[in-house]
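Worksheet: one structure, shown below.
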Amino acid sequence: MVATVSEVLTVGFFPGAFSAKLTRLHGPNRLGAVHAAKQLSAHPISQARDWIEDAQSIAVLTGAGISAESGIPTFRGPGGLWNNRRPEDLATPQAFARDPKLVWEWYVWRRERVAAAQPNPGHQALAKVEARGVQCTLITQNVDGLHRAAGSRNLLELHGNLWRERCVVCGREVENHDSSARPLPPRCSCGGMLRPGVVWFGEALPAAAIDQAVQAAQHCDVFLVCGTSAVVYPAAALPQRAIAAGARVIEVNLEETPFSQFAHVSLRGKCGELLPQIIRVPPCPESLI
Ligand code: BJW
Ligand code: ZN
């Protein structure tokens with residue numbers, strides 16, 4: 001068994017202020033010799049760019065941070081949704097059973113914010129990976145639909161979608177983009193209450209989506225972790241699975257997370273600024289004319 005040495009590099013706030021924090025041995029990597037040569041690359045940004053460019057299969061996990069630059073609040077951290085609200089009051093089945101109107105009012109308020117938002121350069125850079133023709137699975141914890149709006153199609157929405165609604169009685173699912181006033185909670189044609197089509201704490205994730213996400217994590221060459229605090233499971237376990245399966249793992253986050261110490265490259269900064277730097281997009285033929 002041939003082992004490859006990998007370095008964990010962390011970028012500081014100043015260009016070039018990176019340091020090798022840890023050296024460890026990995027099993028053979030699917031990127032093989034090309035990969036081993038490129039790992040000597042000087043700067044973590046060019047290292048990440050090279051790995052992405054050489055990869056035949058890429059998986060990406062995104063969280064609320066990638067939509068922050070579109071004006072959508074994150075959950076944790078400064079200005080986060082959980083700063084002055086308790087998840088137990090708004091994002092559990094028990095909260096909905098107790099006070100469905102309160103829960104719906106919160107989701108209607110969030111729908112209004114999302115309806116006014118546009119995808120940012122972070123979403124757009126990820127959509128371009130797919131458009132480039134490599135195998136790319138975009139796994140998102142976000143419910144805002146901005147990846148689809150940016151053009152991503154091979155998309156797994158692990159925590160559902162803000163615009164979907166599901167009847168608690170007959171299970172019928174509908175998509176509703178109309179945020180206009182209606183009595184809350186809304187009702188299904190069967191008379192049952194409709195609930196937001198998202199995954200709350202204590203609820204199972206959509207089985208097909210999490211199964212495909214695990215497959216993507218275990219079979220990719222490069223796994224990108226973007227704008228997530230990496231504390232909510234089972235999504236937070238995906239990057240670890242990718243590492244165990246031999247993928248190169250790149251984290252992009254404004255701050256250090258519990259996962260940072262395990263990433264092969266951990267880049268500190270905004271998704272909207274760093275992703276366009278590490279995802280090189282070939283120029284369109286027209287722009288060469
Ligand atoms: C930037 C940036 C920029 C900012 N650029 N970066 C103990 C007790 C109870 C439960 C558990 C427990 N231990 C484990 C559990 C399970 C639980 C869990 O993980 N809890 C932990 C919190 C401890 N998980 C679950 O309950 C899940 N279900 C489950 O496990 O089911 C088991 C089961 C099996 C079979 C049958 C039944 C059950 C479900 C989890 C659902 C999570 N739901 C939410 C709400 C979704 C709907 C909605 O949106 O309303 O999902 S919670 C919330 O957290 C949301 C997010 O998707 C998720 C993750 O957050 P995310 O995306 O990481 O955002 P933030 O805010 O945390 O982080 C943002 C990051 O971006 C930060 O790091 C910033 O630095 C960074 N950033 N700007 C780059 N511009
Ligand atoms: Zn119904």
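Considering only region 189-247, state which residues are within 16 Å of ligand 2 (Cβ to nearest atom) and crowded, with 18+ Cβ neighbours inside 10 Å. Steps first, please.
At the first step, the residues of region 189-247 found to be within 16 Å of ligand 2 (Cβ to nearest atom) are 189-197.
Those that are within 16 Å of ligand 2 (Cβ to nearest atom) and crowded, with 18+ Cβ neighbours inside 10 Å: Met193, Leu194, Arg195, Pro196, Gly197.
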Where the second residue is among the hydrophobic types (A, V, I, L, M, F, W, C) and part of a helix (DSSP H, G or I) and the first is at positive phi and lies in region 220-236, which pairs have Cβ atoms under 8 Å and are six or more apart or on separate chains?
Gly227/Ile66; Gly227/Ala68; Gly227/Cys271; Ala230/Ala236
Being crowded, with 16+ Cβ neighbours inside 10 Å, in a strand (DSSP E or B), at pLDDT 90 or above and in contact with a Leu (Cβ under 6 Å, 6 or more places away or on another chain), is that true of even one residue in region 29-44?
no
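Residues are listed down the side, and each one gets a yes or a no for (1) of a type in the set (Ser, Thr, Tyr); (2) within 24 Å of the chain's Cα centre (by Cα):
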| position | (1), (2) |
| --- | --- |
| Glu105 | no, no |
| Gln118 | no, yes |
| Asn142 | no, yes |
| Leu155 | no, yes |
| Asn161 | no, yes |
| Gly171 | no, no |
| Pro185 | no, no |
| Ser189 | yes, no |
Residue count, region 217-253, condition of a type in the set (Asp, Glu) and assigned to a loop (DSSP other than H, G, I, E, B), comes to 1
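Could you look through region 134-170, keep only residues that are touching a Pro at 6+ places or on another chain (Cβ under 6 Å) and under 18 Å from Leu224 (Cα atoms), and pick out the one that is nearest to ligand 1 (Cβ to nearest atom)? It would help to see each step written out before you state the result.
The initial filter retains those residues of region 134-170 that are touching a Pro at 6+ places or on another chain (Cβ under 6 Å), namely 146, 149-150.
Now narrow it down to the ones that are under 18 Å from Leu224 (Cα atoms): 146, 150.
Working: Leu146: 13, Ala150: 15 Å.
This residue is Leu146.
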Taking region 200-236, which residues are over 17 Å from Glu130 (Cβ atoms), within 9 Å of ligand 1 (Cβ to nearest atom) and under 16 Å from the mean Cα position of the chain (by Cα)?
Leu205, Gly227, Thr228, Ser229, Ala230, Val231, Val232, Tyr233, Pro234, Ala235, Ala236
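The values are calculated or read from the model by the stated rules, or taken from the named source; none is laboratory data. The model shown is predicted, which means the values in this text are computed figures rather than measured ones. As a convention, Cβ positions derive from the backbone with ideal geometry for all residues, glycine included, and neighbour counts pool all protein chains shown.
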